[in-house]
1. Residue under question is Ala85, and the condition is that it be open to solvent by less than 50 Å² (accessible area, probe 1.4 Å), farther than 17 Å from Leu32 by Cα and either at pLDDT 80 or above or over 22 Å from the mean Cα position of the chain (by Cα) (or both); does it hold?
2. Of all the residues that make up region 6-42, how many are at pLDDT below 85, in a loop (DSSP other than H, G, I, E, B) and open to solvent by 70 Å² or more (accessible area, probe 1.4 Å)?
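The values are calculated or read from the model by the stated rules, or taken from the named source; none is laboratory data. Because the structure is a prediction, the values reported are computed rather than measured. In case anyone asks, the SASA skips ligands and DNA or RNA and just uses the protein heavy atoms, side chains included. Shrake-Rupley method; radii C 1.70, N 1.55, O 1.52, S 1.80 Å.
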Amino acid sequence: MTNFPRLGTEQRSRSVILSTDNYLAGRPIFTLQQAADLATSSQVKVYALNPADFGGATATEEAVGLRTAAESTGGTYFPLRSTTAARSIIAQIQASEATATKAAARGLVADTPEVPLVIALAAALVLALGLWRVRT
């Protein structure tokens, strides 16, 4: 949350997709609640995918904490077995966070292979003619 570019000056959507089991291995820089509060205050939505949650009836304390933290930011939580997690996250980001541009949409062509292709074909033709001339 602390490294989003132009966080305080630019109004745009910001999301974090977090895949974690929420089990601590070492000393954290932020607690889960502090990270969720920081995300909320920075208007960053957290979408959590928990690979240790197999979608059973009982949830671990870590899974409950992760779900609570993600939902407190306006994001959502998905267990590992969720077959719709990726589609749902993408749809939610596109539907609720995609920022409208102020200008009209315009197409941008980044790859125009016509010129190099024509040059390569012309060079191949010259080479083929040269080889034919040498053989005859």
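1. Yes; evaluated as a whole, the condition is true for this residue.
2. Qualifying residue count, region 6-42: 8.
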